[in-house]
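The values are calculated or read from the model by the stated rules, or taken from the named source; none is laboratory data. Here the structure is a predicted model, which is why all the values come from computation and not from measurement. Because the Cβ atoms are built from the backbone with ideal geometry, glycine has one as well, and the counts that use them run over all protein chains shown.
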């Protein structure tokens, strides 16, 4: 008896199976258990897309392994999905990095981003428009394929100072300090981390 652990949207789902089972049958069991549309996902094992016509035994190359992990990713984002979102932090309108804010006489001053941009006399009504980012432009700097808008999980390597998708994270140096991308702006600046 063998087991395939599917990792989808941060949740692990285990499917018991036989090594002689075809991957399409194992994936079908996962689809039924996860209650998702099979046309919206694809499967990765060791960085390669799975051929669902092969058996589990063929996928693991007849190695004496009884349990494997498979990453499940979305094929496409929804057609009308809006990739422009409001930043959770105060950001520089020019470089989109974290910035400081000062409000004086009903006007806003933004200063102190890592690129030393300074913006004065922003009206309160105009400020809101400066705080949006296009998450499709935040790309994995290893594979250059995935971006934050089409990847369920995104990370930041503090040693390399790069953005990493879920698949590249599994291949990246495990000794590096890798954090969830959403937490990157909360890291203390005095430690020189992004």
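Of the residues 9, 46, which is under 18 Å from the mean Cα position of the chain (by Cα) and without any contact (Cβ under 8 Å) to a residue 12 or more places away in the chain?
46
Within segment 83-100, how many residues turn out to be part of a strand (DSSP E or B) and modelled with pLDDT of 85 or more?
3
Output the number of the condition that residue 69 fails; it satisfies all remaining conditions of (1) more than 27 Å from residue 154 (Cβ to Cβ); (2) in a strand (DSSP E or B).
(1)
Conditions (1) closer than 20 Å to residue 7 by Cα; (2) buried (at least 18 other Cβ atoms within 10 Å of the Cβ); (3) touching a strand residue (DSSP E or B) at 6+ places or on another chain (Cβ under 6 Å); (4) at pLDDT 85 or above, marked per residue:
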site: 116; (1), (2), (3), (4): no, no, no, yes
site: 121; (1), (2), (3), (4): no, no, yes, yes
site: 132; (1), (2), (3), (4): no, no, yes, no
site: 152; (1), (2), (3), (4): yes, no, no, no
site: 157; (1), (2), (3), (4): no, yes, yes, yes
site: 168; (1), (2), (3), (4): yes, yes, no, yes
site: 189; (1), (2), (3), (4): no, no, no, no
site: 193; (1), (2), (3), (4): no, no, no, no
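Closer than 19 Å to residue 83 by Cα and part of a loop (DSSP other than H, G, I, E, B) - does that describe any residue in segment 165-172?
Looking for residues that are closer than 19 Å to residue 83 by Cα and part of a loop (DSSP other than H, G, I, E, B), one finds none in segment 165-172, hence no.
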